[in-house]
Amino acid sequence: MSDTVRTFIAIELPPEVRAFLTECQERLNRAGGDVRWVRPDLIHLTLVFLGEVPADMLGDLEQAAREALAGFAPLELRVSGAGHFPPRGAPRVVWIGIEDLSGRLMAVQAALAKATGAFAEKVEDRAYTAHLTLGRVRSPKGARDLTGAVDAMSAHTGPTFSAGEVTIFKSELSPQGPAYTALGRISLGAPGIAR
Ligand code: ATP
Ligand code: MG
């Protein structure tokens, strides 16, 4: 059996966005609820989750991602809004939204998903929704207060930032939490025709 690597492709966040996410976590944490907050330095915008990819295919994966992104200019994004999954009923995930000021995030995501689908362990059949996972709910304790506080933040707007590159990550899960390692970075706005 060949070695595999748990892989995903994401946009890394600048420090001011991480600082904003930390404030959001502190605010929601005061509301109550039983949440395991994601360490802000580990929060990213996932574009495509591939799952276990054979290690000897990672080079081809990066090449496919590079070709898919050729010609895309950097993205202008804004942190905005908050919500939970599922949208009704007991919350499992608390997230902060991403507003696509450039209007090109979905095209970038779709191009990447199409180009890398052949390497995926399982292709995601749900529609893509851009979000930053702030925390995962551990138990129903205080869930009502938590959802109330999240809903109150639904119009809360954070920093605007430019995403100039996309990162292919290796994810290693452990009881101490996940560890992510960048396997490769692909610039947006490399010479060529911008779209
Ligand atoms: P943990 O699973 O220990 O809570 P994690 O979810 O951060 O940690 P991974 O499960 O390796 O780590 O996921 C890496 C990234 O991919 C995260 O942003 C996660 O939200 C996202 N992700 C994981 N599974 C899926 C999936 N099936 N569809 C879409 N995104 C996913
Ligand atoms: Mg996970």
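Computed from the coordinates by the stated procedures, all read-outs in this text should not be read as laboratory data. Source: prediction; values computed, not measured. All Cβ positions, glycine included, derive from the backbone under ideal geometry; neighbour counts span all protein chains shown.
Once you have the Kirkwood Rh of region 31-152 from its Cα pairs, apply Stokes-Einstein at 10 °C and 1.306 mPa s and quote D in µm²/s.
Values: Rh = 16.3 Å.
Approximately 97 µm²/s, per Stokes-Einstein.
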Exercise. In degrees, nearest 10, range 0 to 90: what is the angle between the Cα axis of helix 143-152 and the longest Cα principal axis of the chain?
Worked result: 70 degrees
For this session: Starting with the highest mean, order 25-35, 125-135 by the number of other Cβ atoms within 10 Å, averaged over the residues of each peptide.
Result: 25-35, 125-135
Exercise. Tell me, what is the FRET efficiency for Asp3 and Glu26 to the nearest 0.05, using R0 = 45 angstrom and their Cβ-Cβ distance as r?
Worked result: 0.65
For this session: Could you pull out every residue, at least 5 positions away or on a different chain, whose amide H is within less than 5 Å of the one on His131? Hs are placed 1.01 Å off N in the peptide plane, and Pro or chain starts have none.
Result: Thr46
Seminar exercise, completed: Phi angles of region 128-141, converted by Karplus (6.51 cos²θ - 1.76 cosθ + 1.60, θ = phi - 60°) into ³J(HN,Hα) in whole Hz with x for Gly and Pro, give 6, 10, 6, 7, 10, 6, 8, x, 10, 6, 8, 8, x, 4
For this session: List every residue whose amide H lies under 5 Å from the amide H of Arg6, counting only residues 5 or more places away in sequence or on a different chain, with H placed 1.01 Å from N in the peptide plane.
Result: Val53, Ser171
Seminar exercise, completed: For region 1-85, the charge dipole (Cβ of Lys, Arg +1; Cβ of Asp, Glu -1; about the Cα centre) points to a positive end, and the Cα of Val53, Val35, Val79 closest to that extreme belongs to Val35
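Quote the relative contact order of region 59-120 in percent (integer), defining contacts as alpha-carbon pairs under 8 Å separated by 6+ residues. The partial results should precede the final answer.
On the way: 62 pairs, mean separation 23.6, N = 62.
Relative contact order comes out at 38 percent.
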Problem set entry | Cα-centre dipole for the chain with unit charges at Cβ (Lys and Arg positive, Asp and Glu negative), debye to 20 | 620 debye
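Expressed as a whole percent, how much of the Cα-Cα distance distribution for region 1-66 exceeds 15 Å? Before the final figure, lay out each step's value.
Numbers: 1383 of 2145 pairs.
Cα-Cα pairs of region 1-66 separated by over 15 Å account for 64 percent.
Per residue, what volume in Å³ does the Cα convex hull of region 84-195 take up? Each step should come with its number before you reach the end.
Numbers: hull volume 17.8 nm³, N = 112.
Dividing the Cα hull volume of region 84-195 by its residues yields 159 Å³.
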Problem set entry | Taking the chain and dividing mean pair separation by its residue count, relative contact order in percent (alpha carbons under 8 Å, at least six apart) | 35 percent
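Suppose every K and R has +1 on its Cβ and every D and E has -1 on its Cβ; what is the size of the dipole of region 1-112 about the Cα centre, in Debye to the nearest 20?
On the way: 11 positive and 15 negative charges, 120 e Å.
Here the size comes out at about 580 debye.
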For this session: Name the long-range amide H neighbours of Glu99: under 5 Å, sequence gap of 5 or more, or other chain; modelled H, no Pro or chain starts.
Result: Arg78, Val79, Ser80
Problem set entry | Vicinal HN-Hα couplings computed from phi for region 62-72 (Karplus, 6.51 cos²θ - 1.76 cosθ + 1.60; Hz; Gly/Pro x) | 4, 4, 5, 5, 4, 5, 5, 8, 4, x, 7
Problem set entry | Spatial separation of Cα centroids for region 134-195 and region 81-103, in angstrom | 11 Å
Exercise. Per-residue HN-Hα couplings for region 90-107, Karplus 6.51 cos²θ - 1.76 cosθ + 1.60 at θ = phi - 60°, whole Hz, x for Gly and Pro?
Worked result: 4, x, 10, 10, 9, 9, 10, x, 10, 9, 9, 5, 6, x, 10, 4, 5, 5
For this session: State the extension gain, in nm to one decimal, for the chain segment bounded by Glu67 and Arg185, taking 0.36 nm per residue of separation less the distance between their alpha-carbons.
Result: 41.2 nm
